[in-house]
């Protein structure tokens, strides 16, 4: 008898007394197995398409996450009187993944325009901008409709600058001699709502304020209220006649007051008196 090819045996149904297809395997392969063999390539293709779709979705999510990360970066505007220094600071900040420089300016007026246009998180301002206009710029930015944090970069920080910075609500004060990593830390802390003021600057400012208060208290124990008024008017450069007119007193009375003041403060001229009064916080 001739052997029948396997494929023919699989496709030929087997009759069984009045029933349809036999449940018995034909040629060792069941109809279910035959169906599986027929559709397996199609299932593989579907799985392949599903995997491809999964990869595409992952890529899309990755791109979305990357976009969100870019949107979450700290936006900084740099304001420095020298464009080359501003560019250098910008290049330094651009090395950080979470910081982006959205503008650089060299003047006070330009900075206000750029802040309005770019709406940064932080304005990094040089104190020495056009002759210490950095503090004035911080005051200007306080009136801009878009309120951003301010960080002051200073080559040298005096007690007066620190006190004024605190009064203006500046969020960060950093000396230019500090390490770059401290600038990054300062920016991140301020962007998160914190404050970064050089400890030394604060200590010096507080110490000066205490000295001034102590000197004023001491002056009040030795100087009368009228004598303090005379000192303040004399320090403004007013002559005896003008001081007398301001206080509704005689010119001779002003001379008596000045003589008593010179004795109490151990000074010999109006210039010495003005310097002493400024140093001790009387004026």
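Data overview
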| read-out | value |
| --- | --- |
| Dimensionless Rg over Rh [the range 223-279; C-alpha; Kirkwood] | 0.92 |
| Extension gain (nm, one decimal) between residue 167 and residue 155, 0.36 nm per residue minus Cα-Cα | 2.3 nm |
| Packing-based exposure ordering (other Cβ within 10 Å, fewest first) of 100, 230, 256, 190 | 256, 100, 190, 230 |
| Calculated FRET efficiency for the pair residue 177/residue 113, C-beta based, R₀ 30 Å, to 0.05 | 0.50 |
| Per-residue Cβ neighbour rank within 10 angstrom, fewest leading, 72, 98, 121, 171 | 72, 98, 121, 171 |
| Estimated distance in nm for a label pair at residue 98 and residue 248, the labels positioned 7 Å out from Cα along Cα-to-Cβ | 6.4 nm |
| Directionally averaged projected area (convex hull, Cα atoms, the range 95-194), nm² | 6.2 nm² |
| Peptides ranked, highest mean first, by Cβ atoms within 10 Å: ranges 103-112, 146-155 | 146-155, 103-112 |
| Length-normalised contact order for the range 81-130 - Cα pairs under 8 Å, 6+ apart - percent | 39 percent |
| Using a Förster distance of 25 Å, the FRET efficiency for residue 139-residue 189 (Cβ separation, nearest 0.05) | 0.65 |
| Förster-model FRET efficiency, 41 Å R0, residue 147 and residue 260, C-beta, rounded to 0.05 | 0.20 |
| Ranked list, fewest to most other Cβ atoms within 10 Å of each Cβ, for 126, 94, 248, 269 | 248, 269, 94, 126 |
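Read the figures in this text as sums done on the coordinates, not as results from a lab. Because the structure is predicted, anything quoted here is derived from the model rather than measured. Note that each Cβ is placed from the backbone with ideal geometry, even for glycine, and that neighbours are counted across all protein chains shown.
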